[in-house]
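Input: a single structure, listed below in structure tokens.
All of the numbers you see were taken from the coordinates with simple rules; none came from a lab. Source: prediction; values computed, not measured. Positions of Cβ are backbone-derived with ideal geometry, glycine not excepted, and every protein chain shown enters the neighbour counts.
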Amino acid sequence: MKKKISDLIKKKNKQKIVSLTAYSKNVASILDNHCDIILVGDSLGSVLYNYKSTREVTLSTMIEHSKSVRMGIKKSLMIVDMPHNTYRTPKEAVKNAKQIMKKTKCDGVKLEGGKKIYETIKSLVKNKIPVMGHLGLLPQSDKTFKFKGKKKLERNNIIRDSQLLEKAGVFSIVLECVETSLAKLVTQNLKIPTIGIGASKYCDGQILVFDDLIGLNPMNYKFVKKYANIRNDISKAVSNYSKEVRKIKFPNKKNSF
Ligand code: KIV
């Protein structure tokens, strides 16, 4: 059965929410059996396109990948990141979010930021566009890429922003690289669920970039646990293929017409 946003909110304090990123149909169809939310993240900019930052990702790239992901999903909620410079004003955000929703048939969009985008989120919600917030480390604007919540002002801003986002009507908030006690406090203070990435076990759910989880990305990050080493498996498979081609073992009779 297709999951609904209301199901997600009901999970708060009852069951952890499971979420991963996907950028294509085949991956999405595997994740669909295990996830509550599949996010088409603008992390695809660095993961797939080797961009220096997610700021280079365009609306059309997000839409094309989301159309592919859509084909792999039957049950999970599908959320699409709004790329940088597509929600500078409430009017621009509504226009672009409507386009994303229409072309990808996703269940909602995700935007990075707090106080500055309060009115924008209110406009989206008013236009019946479900919105997921994103606080803590904001890759579209961050300069240092350090975890958040060390300084008092930073902590107070995140607490204030989480409350503002809830007031504006978001259905959930991603907390990225947020110090443990702050993530716990924010989660306890909200009625909507928080989804953590590098934000401790106290969030209502967890999200990771799929390529990190399966070890396709060779980088190691503190907040990632690699549940597979798919680079080794791919390497073995390709090595066997190349040996068999060179020894004229593949294709054999069974593979030929
Ligand atoms: O772009 C992305 O993949 C994300 C997740 C890391 C939360 O925003």
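Summary of values
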{"quantity": "Summed side-chain charge close to residue 15 - residues other than residue 15 whose Cβ falls under 13 Å, Lys, Arg +1, Asp, Glu -1", "calculated": "+3"}
{"quantity": "Histogram of C-alpha separations across region 147-257, 5 Å bin width, %", "calculated": "2, 11, 16, 14, 11, 9, 8, 6, 5, 5, 5, 4, 4, 1, 0"}
{"quantity": "Efficiency of FRET from Cβ geometry, residue 126 and residue 188, R₀ 25 Å, rounded to 0.05", "calculated": "0.30"}
{"quantity": "Chymotrypsin sites (Phe, Trp or Tyr not before Pro) lying in DSSP loop within region 5-85, provided at most 16 other Cβ fall within 10 Å", "calculated": "49, 51"}
{"quantity": "Candidate aspartates and glutamates for bridging to residue 151, where Cα separation is under 12 Å - those fewer than 8 sequence places away on the same chain excluded", "calculated": "179"}
{"quantity": "Scattering curve values for the chain, log₁₀ I(q)/I(0), Debye with Cα scatterers, q = 0.08, 0.10, 0.17 Å⁻¹", "calculated": "-0.33, -0.50, -1.36"}
{"quantity": "Tensor-based shape of region 100-143 (alpha-carbon gyration tensor, a/c under 1.5 rounded, otherwise prolate or oblate)", "calculated": "oblate"}
{"quantity": "Estimated [θ] at 222 nm from DSSP helical runs (n ≥ 4, -39500 (n - 2.57)) normalised by residues in the chain, nearest 500", "calculated": "-12000 deg cm²/dmol"}
{"quantity": "From phi via Karplus (6.51, -1.76, 1.60), per-residue ³J(HN,Hα) for region 107-119 in Hz, x at Gly/Pro", "calculated": "9, x, 10, 10, 10, 9, x, x, 3, 4, 10, 4, 5"}
{"quantity": "Long pairs among 110/184; 116/184; 67/98; 148/191; 75/167; 105/167, criterion Cα-Cα beyond 18 Å", "calculated": "110/184; 116/184; 148/191; 75/167; 105/167"}
{"quantity": "Between helix 152-168 and the chain: long-axis angle, C-alpha atoms, 0 to 90°, nearest 10", "calculated": "90 degrees"}
{"quantity": "Full-stretch length increase - residue 228, residue 154 - with 0.36 nm per residue and alpha-carbon distance subtracted", "calculated": "23.1 nm"}
{"quantity": "Degrees separating the helix 180-189 axis from the principal Cα axis of the chain, which is the longest one", "calculated": "60 degrees"}
{"quantity": "Those aspartates and glutamates that a straight Cα-Cα span of less than 13 Å connects to residue 74, excepting residues fewer than 8 apart in one chain", "calculated": "32, 36, 107"}
{"quantity": "Region 48-74-region 233-257 distance, computed between alpha-carbon centres (Å)", "calculated": "32 Å"}
{"quantity": "Members of 3/143; 12/122; 16/122 lying beyond 25 Å, as alpha-carbon distances in this model show", "calculated": "3/143; 16/122"}
{"quantity": "Inter-probe distance in nm under a simple model that places probes 7 Å from Cα toward Cβ, at residue 237 and residue 145", "calculated": "2.8 nm"}
{"quantity": "10 Å-binned pair-distance histogram of region 192-243 (Cα, whole percent)", "calculated": "24, 37, 23, 11, 4, 0"}
{"quantity": "Angle between the chain longest axis and helix 90-104 axis [Cα atoms, degrees, rounded to 10]", "calculated": "30 degrees"}
